[in-house]
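The values are calculated or read from the model by the stated rules, or taken from the named source; none is laboratory data. Owing to the predicted nature of the structure, the values given are computational and were not obtained by experimental measurement. Here the Cβ is made from the backbone with ideal geometry for all residues, glycine too, and neighbour counts use every protein chain on show.
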Amino acid sequence: MSEDKLTSFLRTGSDWARMKTTVPGIFILKLPAYKGSPTRLAVELNPADESGSPTKKRGLVIRSSQEFEEFNKLFQHDRLSSLLKSIDKTNPSPKKAVKAGEEILEI
């Protein structure tokens, strides 16, 4: 992605605007100014649907290459996968949402 496009997005994009990239699930996010930090860009990792739109309201926001390296080490830790599998087994399976006033007969 060209730096000119990024610079333009930083200048003209609205706060919290999300720009798609050519890689599904990787977005550019414009962060608003906050306390002493100026307006800046970040990368958002957010699983994408068939049309390339994010599936979650907010994904994992990575603000710098150093922060990416820190997350990358955590994602590659051999115990993370086994921990997540244990959590999958422990958590109850999600139930389908029932609309208000809708009766469901469990059989």
Quiz item: Which of the residues belonging to the stretch 11-46 are among the basic types (Lys, Arg) and out of contact with any helix residue (DSSP H, G or I) (no Cβ under 8 Å at 6 or more places or on another chain)?
Solution: ARG11, ARG18, LYS20, LYS35
Practice problem: Assess whether SER8 counts as being in a loop (DSSP other than H, G, I, E, B) and surrounded by fewer than 14 Cβ atoms within 10 Å (Cβ to Cβ). | Solution: no
Quiz item: Which of the residues spanning the stretch 20-56 are surrounded by 15 or more Cβ atoms within 10 Å (Cβ to Cβ), of a type in the set (A, V, I, L, M, F, W, C) and more than 23 Å from GLU69 (Cβ to Cβ)?
Solution: ALA48
Practice problem: Could you give me the residue pairs with C-beta distances under 8 Å whose first residue belongs to the stretch 43-70 and is touching a residue at least 24 places away in the same chain (Cβ under 8 Å) and under 15 Å from TRP16 (Cβ atoms), whose second residue is among the acidic types (Asp, Glu) and surrounded by 14 or more Cβ atoms within 10 Å (Cβ to Cβ) wherever it lies, and which are 6+ apart or on separate chains? | Solution: PRO54/GLU44; GLY59/GLU44; VAL61/GLU44
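Quick one: which residue in ASP78, ASP4, ASP88, ASP49 is within 17 Å of the chain's Cα centre (by Cα) and charged (D, E, K, R)?
ASP49
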Exercise. Run LYS30 past the list (1) at pLDDT 95 or above; (2) part of a loop (DSSP other than H, G, I, E, B) and report the number of the one that doesn't hold.
Key: (2)
